[in-house]
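The values are calculated or read from the model by the stated rules, or taken from the named source; none is laboratory data. Everything quoted here is computed from the prediction, not taken from an experiment. For neighbour counting, all protein chains shown are included, and Cβ atoms are generated from backbone atoms with ideal geometry for every residue, glycine included. With ligands, DNA and RNA removed, areas are computed over all heavy atoms of the protein, side chains included. Shrake-Rupley method; radii C 1.70, N 1.55, O 1.52, S 1.80 Å.
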Amino acid sequence: MGSRSARDRAFGLLQAGWVRPLILLLIIIALWDLAIRLFHLPPYQVPAPKDVIVTLWRDGPELLSQAVPTTVATVLGFLLSAVIGIPLAMLIAGSRTVEAYVYPLLVFSQSIPKVAIAPLFVVWFGFGLEPKVISAFLLGFFPVVVSAVQGFKSLDPDTLDLARAMAASRWQIFRMVGLPAAMPAIFSGLKVSVTLAVVGAVVGEFVGANSGIGFVLQRSIGNFELPTMFAALVILAVLGVVLFWLVDLVERLVIPWHASRRRDLVLAA
């Protein structure tokens, strides 16, 4: 009985959502260390996992303090992407004229490398928070628009006909039919957007900043401090995961009725 209970607890632990990614991460770290030993990679090319862990322990408070401006720029750029992107997607989905004029320009704008135009933001707005927020906004804006447009255009025609037959106004149709049906696609775009906003904030810090994780990366690369660079990348990865998880948590609260959420409940049971 005791061994069966222990097996059940071990199986339940493996079913936890964070355990399996942690196991995979430990395997990757072990393979990383093994590759360094087998191929005799010098520390100035690839640092050992131990050196990165020591750097995280030693410089963790400083790296976390440097992550604060990066996080602020990321969150502000992401919120700006959502506030502007979702209403614009509503206009594009609801008007063929707006779609014909605006949508091709949005697609064209994505072919312009953000790294190439980021220095312009420094020239126009200085070395403060604004260039980083704009850079994060530009990278996170397009996925929100594309996903939201797809969601608003994927409404069930029979449901729309039923709402019109019940004499619902356009606002009632949007609030009770259009927006709920589009929410899964909108949240899919928001999840992509929040991770790209992290990249955008770092790009903004690369070209003009005296603080932030991007500044730490640029300084460590210039000084060949590879353990510090890898430690900063770990902080960035954790930041992206946390922000993604927060958006996913909001999605669970807003649309618990969606099929994907019902499937999660079935698997958990």
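Find out how many positive minus negative residues lie around Leu26, taking Lys and Arg as positive, Asp and Glu as negative, among other residues whose Cβ is under 15 Å from that of Leu26.
It works out to a net charge of +1.
Rounded to the nearest Hz, the phi-derived 3J(HN,Hα) couplings of the range 181-192 under the Karplus curve 6.51 cos²θ - 1.76 cosθ + 1.60 (θ = phi - 60°) are 5, 8, 4, x, 5, 4, 5, 4, x, 5, 5, 5, where x marks glycine and proline.
Add -39500 (n - 2.57) for each DSSP H run of 4 or more in the chain, then divide by its residues: what number comes out at 222 nm, to the nearest 500 deg cm²/dmol? List each step's numbers first, then the result.
Working: 12 runs with 223 residues, N = 269.
My calculation for the chain gives -28000 deg cm²/dmol from helical runs alone.
Both numbers refer to the Cα atoms of the chain; Rg and Dmax are 23.1, 74 Å.
Straight-line reach from Lys132: which lysines have a Cα under 18 Å away, not including same-chain ones fewer than 8 places off? Excluding near neighbours in sequence, the set is Lys114.
Normalised by the number of residues in the chain, the average gap of Cα pairs under 8 Å and 6 or more apart makes the relative contact order 24 percent. Packing, as the average of other Cβ atoms within 10 Å across residues, places the peptides 100-106, 196-202, 117-123, 182-188 in the order 196-202, 182-188, 117-123, 100-106, highest first.
Estimated at the nearest 10 Å², the accessible area of Arg20 is 130 Å² with a 1.4 Å probe.
Suppose every Lys and Arg Cβ carries +1 and every Asp and Glu Cβ carries -1, with no other charges. What dipole size does the chain come out with about its Cα centre, to the nearest 20 debye? Could you put the intermediate results ahead of the total?
Values: 20 positive and 15 negative charges, 126 e Å.
Roughly 600 debye for the chain.
Take the Cα of Leu26, step 7 Å toward its Cβ, do the same at Ala116, and the gap between the two points is 4.7 nm. Remark: accessible surface ordering of Ser154, Ser147 (largest first) is Ser154, Ser147, probe radius 1.4 Å. For the chain, the longest principal axis of the alpha carbon atoms and the long axis of helix 114-125 meet at an angle near 80°.
Rolling a 1.4 Å probe over the protein heavy atoms gives the chain an accessible area of 60 Å² per residue.
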